[in-house]
1. As an exercise: evaluate Tyr166 against (1) aromatic (Phe, Trp, Tyr); (2) part of a loop (DSSP other than H, G, I, E, B); (3) open to solvent by 40 Å² or more (accessible area, probe 1.4 Å) and give the number of the one condition it does not meet.
2. If a residue must be under 17 Å from Val146 (Cβ atoms), in contact (Cβ under 8 Å) with a residue 24 or more places away in the chain and either part of a loop (DSSP other than H, G, I, E, B) or aromatic (Phe, Trp, Tyr) (or both), how many such residues does the range 86-105 contain?
3. Can you name the condition, by its number, that Gln119 falls short on among (1) surrounded by fewer than 17 Cβ atoms within 10 Å (Cβ to Cβ); (2) in a loop (DSSP other than H, G, I, E, B); (3) of a type in the set (S, T, N, Q); (4) under 29 Å from the mean Cα position of the chain (by Cα)?
4. Conditions: (1) open to solvent by 70 Å² or more (accessible area, probe 1.4 Å); (2) modelled with pLDDT of 95 or more; (3) not aliphatic (A, V, I, L, M). Pro198 meets all but one. Number of the miss?
5. Of all residues in the range 96-116, which are open to solvent by less than 40 Å² (accessible area, probe 1.4 Å) and among the β-branched types (Val, Ile, Thr)?
6. Of all residues in the range 201-225, count the ones that are modelled with pLDDT of 90 or more, in a loop (DSSP other than H, G, I, E, B) and open to solvent by less than 50 Å² (accessible area, probe 1.4 Å).
7. Testing Ala191 on (1) under 29 Å from the mean Cα position of the chain (by Cα); (2) not in a strand (DSSP E or B), one condition comes back false. Which one is that?
8. Name the residues in the range 122-141 that are over 14 Å from Tyr76 (Cα atoms), within 35 Å of the chain's Cα centre (by Cα) and open to solvent by 60 Å² or more (accessible area, probe 1.4 Å), would you?
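The values are calculated or read from the model by the stated rules, or taken from the named source; none is laboratory data. For clarity, every value in this text was computed on a predicted model and none was experimentally measured. Virtual Cβ from ideal backbone geometry, glycine too; neighbours counted across all protein chains shown. What goes into the accessible areas is simple: the full protein's heavy atoms, side chains included, and nothing from ligands, DNA or RNA. Shrake-Rupley method; radii C 1.70, N 1.55, O 1.52, S 1.80 Å.
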Amino acid sequence: MTVLHISYRLKTALAAMLCAALAGCGTFAGQPHTAPQAPLPAHPNAAQNTQAQAPAQAQAQAGAPLMQRPGATSQYRLDAGDELRVIVFGQENLSGTFRVDDGGAITMPLLPPLIVRGQTAHEAKRNIEQTLAQTLLRNPNVSVEVSAFRPFFILGEVNAPGQYPYVAGMTVETAVAIAGGYTYRANKSRARITRGTPATGGEFKTDTSAQIMPGDTVFIRERFF
(Lines give C-alpha, C1' and ligand atoms only; values in the text may rest on other atoms or scores of the structure.)
Protein backbone atom coordinates (compact mmCIF):
# COMPACT_ATOMS: atom_id res chain seq x y z
CA MET A 1 0.00 0.00 0.00
CA THR A 2 2.81 2.41 0.76
CA VAL A 3 4.41 1.89 -2.66
CA LEU A 4 1.11 2.38 -4.47
CA HIS A 5 0.34 5.46 -2.44
CA ILE A 6 3.76 6.99 -3.27
CA SER A 7 3.32 6.19 -6.97
CA TYR A 8 -0.09 7.85 -7.06
CA ARG A 9 1.21 10.98 -5.35
CA LEU A 10 4.15 11.16 -7.77
CA LYS A 11 1.84 10.93 -10.79
CA THR A 12 -0.40 13.63 -9.35
CA ALA A 13 2.56 15.96 -8.75
CA LEU A 14 3.93 15.43 -12.27
CA ALA A 15 0.51 16.18 -13.82
CA ALA A 16 0.21 19.40 -11.80
CA MET A 17 3.70 20.54 -12.88
CA LEU A 18 2.88 19.86 -16.57
CA CYS A 19 -0.36 21.92 -16.39
CA ALA A 20 1.46 24.81 -14.73
CA ALA A 21 4.14 24.80 -17.40
CA LEU A 22 1.57 24.86 -20.21
CA ALA A 23 -0.38 27.71 -18.59
CA GLY A 24 2.76 29.79 -18.14
CA CYS A 25 3.83 29.47 -21.78
CA GLY A 26 0.51 30.69 -23.16
CA THR A 27 1.13 28.85 -26.45
CA PHE A 28 0.26 25.54 -27.95
CA ALA A 29 2.88 22.88 -28.00
CA GLY A 30 4.97 23.01 -31.13
CA GLN A 31 4.50 26.80 -31.68
CA PRO A 32 7.54 29.02 -31.03
CA HIS A 33 6.97 31.85 -28.60
CA THR A 34 7.96 35.25 -30.08
CA ALA A 35 7.86 38.61 -28.38
CA PRO A 36 5.75 41.31 -30.11
CA GLN A 37 7.84 43.67 -32.24
CA ALA A 38 7.49 47.42 -31.87
CA PRO A 39 6.78 49.32 -35.12
CA LEU A 40 9.85 50.79 -36.81
CA PRO A 41 10.18 54.53 -36.17
CA ALA A 42 9.58 56.78 -39.17
CA HIS A 43 12.68 58.20 -40.78
CA PRO A 44 13.13 61.79 -39.53
CA ASN A 45 13.49 63.08 -43.08
CA ALA A 46 10.56 61.12 -44.57
CA ALA A 47 8.06 63.99 -44.30
CA GLN A 48 10.59 66.48 -45.64
CA ASN A 49 11.39 64.23 -48.61
CA THR A 50 7.69 63.88 -49.45
CA GLN A 51 7.21 67.64 -49.31
CA ALA A 52 10.35 68.28 -51.34
CA GLN A 53 9.26 66.03 -54.22
CA ALA A 54 6.10 68.05 -54.95
CA PRO A 55 7.79 71.37 -55.90
CA ALA A 56 10.84 69.71 -57.50
CA GLN A 57 9.54 70.25 -61.06
CA ALA A 58 8.62 73.86 -60.32
CA GLN A 59 12.10 74.50 -58.87
CA ALA A 60 13.77 72.97 -61.93
CA GLN A 61 11.72 75.22 -64.19
CA ALA A 62 12.48 78.24 -62.00
CA GLY A 63 16.19 77.56 -62.39
CA ALA A 64 16.01 77.88 -66.17
CA PRO A 65 16.84 81.23 -67.80
CA LEU A 66 13.77 83.48 -67.90
CA MET A 67 13.51 83.84 -71.67
CA GLN A 68 13.81 80.03 -72.03
CA ARG A 69 11.03 79.12 -69.59
CA PRO A 70 7.61 78.04 -70.90
CA GLY A 71 5.37 81.08 -71.25
CA ALA A 72 8.24 83.53 -70.65
CA THR A 73 7.54 85.51 -73.84
CA SER A 74 3.95 86.04 -72.72
CA GLN A 75 5.26 87.70 -69.53
CA TYR A 76 7.80 89.92 -71.29
CA ARG A 77 7.20 93.67 -70.93
CA LEU A 78 7.66 95.79 -74.01
CA ASP A 79 9.85 98.88 -74.19
CA ALA A 80 11.66 101.13 -76.65
CA GLY A 81 13.69 99.17 -79.21
CA ASP A 82 11.46 96.09 -79.31
CA GLU A 83 9.99 95.15 -82.68
CA LEU A 84 6.45 93.77 -82.93
CA ARG A 85 4.95 91.68 -85.69
CA VAL A 86 1.30 92.77 -85.87
CA ILE A 87 -1.20 90.93 -88.04
CA VAL A 88 -4.70 92.30 -88.50
CA PHE A 89 -6.52 89.38 -90.08
CA GLY A 90 -8.17 90.31 -93.36
CA GLN A 91 -6.38 93.68 -93.42
CA GLU A 92 -2.95 93.36 -95.03
CA ASN A 93 -2.58 97.13 -95.29
CA LEU A 94 -2.76 97.41 -91.48
CA SER A 95 -0.38 94.51 -90.78
CA GLY A 96 3.40 94.71 -90.54
CA THR A 97 6.44 94.96 -88.24
CA PHE A 98 6.55 98.01 -86.01
CA ARG A 99 9.30 99.25 -83.72
CA VAL A 100 8.54 100.62 -80.27
CA ASP A 101 9.88 104.19 -80.36
CA ASP A 102 11.59 106.14 -77.60
CA GLY A 103 8.19 107.28 -76.38
CA GLY A 104 7.09 103.68 -75.90
CA ALA A 105 4.61 103.72 -78.79
CA ILE A 106 4.13 102.01 -82.15
CA THR A 107 2.69 103.73 -85.20
CA MET A 108 0.40 101.68 -87.43
CA PRO A 109 -1.21 102.81 -90.69
CA LEU A 110 -4.40 104.90 -90.24
CA LEU A 111 -4.05 104.83 -86.44
CA PRO A 112 -2.65 107.31 -83.93
CA PRO A 113 0.49 106.26 -82.00
CA LEU A 114 -0.37 103.47 -79.56
CA ILE A 115 1.49 103.31 -76.24
CA VAL A 116 2.67 99.74 -75.58
CA ARG A 117 5.54 100.35 -73.15
CA GLY A 118 5.18 98.17 -70.09
CA GLN A 119 2.58 95.95 -71.74
CA THR A 120 2.84 92.28 -72.64
CA ALA A 121 2.27 91.21 -76.24
CA HIS A 122 -1.22 90.02 -75.26
CA GLU A 123 -2.04 93.38 -73.65
CA ALA A 124 -0.77 95.18 -76.76
CA LYS A 125 -3.03 92.96 -78.88
CA ARG A 126 -6.08 93.97 -76.85
CA ASN A 127 -5.04 97.63 -77.03
CA ILE A 128 -4.82 97.49 -80.83
CA GLU A 129 -8.12 95.64 -81.15
CA GLN A 130 -9.92 98.20 -79.00
CA THR A 131 -8.48 101.09 -81.00
CA LEU A 132 -9.42 99.48 -84.32
CA ALA A 133 -12.95 98.75 -83.07
CA GLN A 134 -13.39 102.40 -82.11
CA THR A 135 -12.07 103.82 -85.37
CA LEU A 136 -11.94 101.51 -88.41
CA LEU A 137 -13.20 97.93 -88.03
CA ARG A 138 -16.00 95.92 -86.51
CA ASN A 139 -14.85 92.96 -84.37
CA PRO A 140 -11.16 93.13 -85.40
CA ASN A 141 -8.97 90.07 -84.88
CA VAL A 142 -5.30 90.87 -84.18
CA SER A 143 -2.15 88.85 -83.51
CA VAL A 144 0.93 90.41 -81.84
CA GLU A 145 4.32 88.83 -81.20
CA VAL A 146 7.83 90.11 -80.46
CA SER A 147 9.87 89.69 -83.63
CA ALA A 148 13.06 91.21 -82.19
CA PHE A 149 14.01 92.12 -78.63
CA ARG A 150 15.56 95.46 -77.79
CA PRO A 151 19.39 95.49 -77.64
CA PHE A 152 21.56 95.30 -74.54
CA PHE A 153 24.56 97.44 -73.60
CA ILE A 154 27.91 96.39 -72.19
CA LEU A 155 30.44 98.83 -70.75
CA GLY A 156 33.60 98.85 -68.67
CA GLU A 157 36.53 96.47 -68.97
CA VAL A 158 35.71 94.79 -72.30
CA ASN A 159 37.56 95.25 -75.56
CA ALA A 160 34.58 96.53 -77.58
CA PRO A 161 32.00 98.18 -75.33
CA GLY A 162 28.74 99.26 -76.92
CA GLN A 163 25.23 98.22 -77.95
CA TYR A 164 24.52 94.73 -79.29
CA PRO A 165 21.47 92.72 -80.42
CA TYR A 166 19.92 90.59 -77.71
CA VAL A 167 19.74 86.80 -78.04
CA ALA A 168 17.46 84.76 -75.78
CA GLY A 169 19.29 83.02 -72.92
CA MET A 170 22.33 85.32 -72.90
CA THR A 171 24.51 85.48 -69.79
CA VAL A 172 27.12 88.02 -68.73
CA GLU A 173 29.83 85.69 -70.06
CA THR A 174 28.28 85.46 -73.54
CA ALA A 175 27.77 89.23 -73.56
CA VAL A 176 31.46 89.70 -72.78
CA ALA A 177 32.38 87.34 -75.62
CA ILE A 178 30.24 89.35 -78.05
CA ALA A 179 32.02 92.51 -76.85
CA GLY A 180 35.47 91.11 -77.69
CA GLY A 181 36.36 89.60 -74.34
CA TYR A 182 37.81 91.01 -71.13
CA THR A 183 40.62 93.52 -70.90
CA TYR A 184 43.62 92.54 -68.78
CA ARG A 185 42.31 94.78 -65.96
CA ALA A 186 38.84 93.20 -65.80
CA ASN A 187 37.23 91.56 -62.82
CA LYS A 188 36.22 88.26 -64.41
CA SER A 189 34.10 86.95 -61.54
CA ARG A 190 31.63 89.78 -60.89
CA ALA A 191 29.59 92.29 -62.90
CA ARG A 192 27.05 95.05 -62.34
CA ILE A 193 23.71 95.05 -64.18
CA THR A 194 21.33 97.97 -64.55
CA ARG A 195 17.82 96.87 -65.44
CA GLY A 196 14.74 99.01 -66.05
CA THR A 197 14.20 101.89 -63.65
CA PRO A 198 14.81 102.12 -59.90
CA ALA A 199 11.08 101.48 -59.43
CA THR A 200 10.94 98.37 -61.64
CA GLY A 201 14.43 96.90 -61.38
CA GLY A 202 17.38 99.13 -60.57
CA GLU A 203 21.02 98.15 -60.26
CA PHE A 204 22.51 95.01 -58.75
CA LYS A 205 25.77 93.05 -58.62
CA THR A 206 26.00 89.46 -59.77
CA ASP A 207 28.38 86.77 -61.00
CA THR A 208 29.20 86.25 -64.65
CA SER A 209 26.88 83.24 -65.03
CA ALA A 210 23.79 85.42 -64.48
CA GLN A 211 21.35 85.86 -67.35
CA ILE A 212 20.84 89.29 -68.85
CA MET A 213 17.60 90.64 -70.25
CA PRO A 214 16.74 92.87 -73.22
CA GLY A 215 17.62 96.48 -72.47
CA ASP A 216 20.07 95.60 -69.67
CA THR A 217 23.27 97.55 -69.23
CA VAL A 218 26.13 95.30 -68.15
CA PHE A 219 29.17 96.93 -66.53
CA ILE A 220 32.40 94.93 -66.13
CA ARG A 221 34.40 96.37 -63.27
CA GLU A 222 38.15 96.75 -62.91
CA ARG A 223 39.87 94.34 -60.57
CA PHE A 224 41.64 95.75 -57.52
CA PHE A 225 44.93 93.86 -58.01
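1. (3)
2. 2
3. With respect to (1) surrounded by fewer than 17 Cβ atoms within 10 Å (Cβ to Cβ); (2) in a loop (DSSP other than H, G, I, E, B); (3) of a type in the set (S, T, N, Q); (4) under 29 Å from the mean Cα position of the chain (by Cα), Gln119 is out only on (1).
4. Failing condition for Pro198: (2).
5. Val100, Ile106, Val116 - these are the residues of the range 96-116 that are open to solvent by less than 40 Å² (accessible area, probe 1.4 Å) and among the β-branched types (Val, Ile, Thr).
6. 7
7. Here Ala191 clears every test but (2).
8. Correct list: Arg126, Gln130, Asn141.
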